[in-house]
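Note sheet for the following structure.
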Amino acid sequence: MSIYKLSVETINGGTQLLAEYKGKVLLIVNTASRCGFTPQYKELQELYEQYRDKGFEVLAFPCNQFLQQEPGTDDEIQSFCEMTYGVTFPLFKKIDVNGKGAHPLFQFLAAQSRGILHSKQIKWNFTKFLVDRGGTVIKRFGPSTPPSKLSADIDILVSS
């Protein structure tokens, strides 16, 4: 299985083939608008602005599985992200990241880079997966790791 064989739904209802991101460094994040980690949107946007010209993308997937901290509609989520944090990186349709209904993308990511105690489970909102230009999951970062702490890892990947 390859990340590039998967497709996802954009927040506006379109279909996005992940193959279109081949050759780019990706930071894939499950997000929520009413979480203690929600201010990470600001740092995610800063990373996106810093590295996008070097072939870097942030892909955000809203999720309501953790204490229903993302209850809004896709339109409400998009508006919130743009108005509150100036988000310009791609947002996708709200999905599940754990359980039987977990989106195939997050099933793939979790299997490739396991969390604490080798668990496949996504711990919480704002779990981050760094993917290299070839589609290999390089590292999983927990929710409490601020995006600003990922710069060294991103620097290495965008330079190679």
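A few points about this structure:
- Annotation: amide H-H contacts under 5 Å for Ile138 (H modelled 1.01 Å from N, sequence separation of 5 or more, or interchain): Leu130, Val131, Asp132.
- Reported label for calculated mean projected area of the Cα convex hull in nm² given (i) 8.6; (ii) 9.8; (iii) 11.1: (i)
- Only Lys, Arg, Asp and Glu carry charge here, each on its Cβ (+1 for the first two, -1 for the last two); on that basis segment 3-159 has a dipole of about 680 debye about its Cα centre.
- Hypothetical label at Ser7: residues of segment 91-106 whose amide nitrogen lies under 15 Å (7 Å Cα-Cβ projection): 93, 104-105
- Selection of trypsin sites (Lys or Arg not before Pro), segment 1-53, meeting DSSP coil and at most 15 other Cβ within 10 Å: Lys22, Arg34
- 5 angstrom amide H check on Val58, placed H, neighbours 5+ away: Leu27
- Taken one residue at a time, the phi angles of segment 54-68 give Karplus couplings (6.51, -1.76, 1.60, θ = phi - 60°) of 9, x, 10, 9, 9, 10, 10, 10, x, 9, 10, 7, 10, 6, 6 Hz. Gly and Pro are set to x.
- Short-range pairs are left out: with C-alpha atoms under 8 Å and at least six residues apart, the relative contact order of segment 78-160 is 17 percent.
- The chain: calculated mean residue ellipticity at 222 nm from DSSP helix runs of at least 4, using -39500 (n - 2.57): -8000 deg cm²/dmol
- Fully extended contour minus Cα-Cα distance, from Arg52 to Gln121, at 0.36 nm per residue: 21.9 nm
- Electrostatic tally near Pro143: other residues with Cβ closer than 11 Å to its Cβ, Lys and Arg +1, Asp and Glu -1, net +3.
- Among Thr31, Leu130, Ala111 - extreme Cα towards positive end, dipole of segment 3-159, charges at beta-carbon: Ala111
- Phi angles across segment 30-35 convert, under the Karplus curve 6.51 cos²θ - 1.76 cosθ + 1.60 with θ = phi - 60°, into 3J(HN,Hα) values of 8, 10, 7, 8, 10, 10 Hz, Gly and Pro given as x.
- 3J(HN,Hα) couplings calculated from phi for segment 44-53 with the Karplus curve 6.51 cos²θ - 1.76 cosθ + 1.60 (θ = phi - 60°) are, in sequence order, 4, 5, 5, 4, 4, 5, 5, 10, 4, 6 Hz; Gly and Pro show x.
Each value in this text was obtained by applying a stated rule to the coordinates, not by laboratory testing. In this text the structure is predicted, and so the values were computed from the model without any measurement. Reconstructed Cβ throughout: ideal geometry from the backbone, glycine too, with neighbour counts over all protein chains shown.
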